[in-house]
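The values are calculated or read from the model by the stated rules, or taken from the named source; none is laboratory data. These numbers come from a predicted model, not from an experiment. As a convention, Cβ positions derive from the backbone with ideal geometry for all residues, glycine included, and neighbour counts pool all protein chains shown.
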Amino acid sequence: MFDYDWFHGTQFDEQRSEAQWRCAFRKFPDMDHEDAMENDEFRSFSEALRIRTLIYLRDGFSYELKGLAEVSSKSHLVFECEPVDDQYRVGSFVVSVPFDDISRVEVFAVHPEEMPEDMPSITGFRSRNENQPVATPVA
């Protein structure tokens, strides 16, 4: 289902735009869809929205996409991800994922002033499954 053209064609942009419009109209439910962008308050709110993209993989890992990387290979999705753990916030973390491993893409639009404190858990940086026993080193 997901391939290079999905992320670099119109589908990804359409999903991001749809999330942005739906979030803005949720805030302004009585706004006329045809004239909404002519309303300064609606336009200002809509333009301030933060768009978050979460990539879920078949193995249970997930990543927040910070930006697509422009690389010559088209066989994998290559992107910079938004690190969750503090130790990864010092540089840039670029991930390559085979398109076949992507099970779901979620786009979340939210205004910075309405950002929930408990954001979706991004598991791409977990060191181990919480239910997985810690391996004992062999001497």
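What single numbered condition from (1) touching a residue at least 40 places away in the same chain (Cβ under 8 Å); (2) more than 21 Å from Ser103 (Cβ to Cβ) fails to hold for Glu70? That leaves (1) as the condition not met.
Looking at Phe12, Phe45, can you tell me which residue is surrounded by 15 or more Cβ atoms within 10 Å (Cβ to Cβ), under 10 Å from His111 (Cβ atoms), hydrophobic (A, V, I, L, M, F, W, C) and in contact (Cβ under 8 Å) with a residue 60 or more places away in the chain?
Residue meeting the stated conditions: Phe45.
May I ask you to list the residues in region 18-57 that are among the aromatic types (Phe, Trp, Tyr) and out of contact with any helix residue (DSSP H, G or I) (no Cβ under 8 Å at 6 or more places or on another chain)?
Within region 18-57, just Tyr56 meets the criteria.
Residues of region 41-57 that are aliphatic (A, V, I, L, M), assigned to a strand (DSSP E or B) and closer than 11 Å to Gln20 by Cβ: Ile51 alone. Just checking, does region 93-101 include any residue being within 29 Å of Phe2 (Cβ to Cβ) and modelled with pLDDT under 90? Yes - at least one qualifying residue is present in region 93-101.
Yes or no, residue by residue, for (1) in contact with a strand residue (DSSP E or B) (Cβ under 6 Å, 6 or more places away or on another chain); (2) β-branched (Val, Ile, Thr):
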| position | (1), (2) |
| --- | --- |
| Asp30 | no, no |
| Arg43 | no, no |
| Arg50 | yes, no |
| Tyr63 | yes, no |
| Leu68 | yes, no |
| Val84 | no, yes |
| Gly91 | no, no |
| Ser96 | yes, no |
| Asp100 | no, no |
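Considering only residues that are surrounded by fewer than 18 Cβ atoms within 10 Å (Cβ to Cβ) and not in a loop (DSSP other than H, G, I, E, B), look in region 58-77 and name the one that is farthest from the chain's Cα centre (by Cα). Selected residue: His76. Considered as a group, the residues in region 41-88 that are among the aromatic types (Phe, Trp, Tyr) and in contact with a Gly (Cβ under 8 Å, 6 or more places away or on another chain) include one that is modelled with the highest pLDDT, and that residue is Phe79.
On the given criteria, is Asp100 surrounded by fewer than 14 Cβ atoms within 10 Å (Cβ to Cβ), out of contact with any Ser or Thr (no Cβ under 9 Å at 6 or more places or on another chain), among the acidic types (Asp, Glu) and part of a helix (DSSP H, G or I)? Answer is yes for this residue. Taking region 15-57 as the range and being among the aliphatic types (A, V, I, L, M) and within 30 Å of Leu77 (Cα to Cα) as the test, the residues that pass are Ala19, Ala24, Ala48, Leu49, Ile51, Leu54, Ile55, Leu57.
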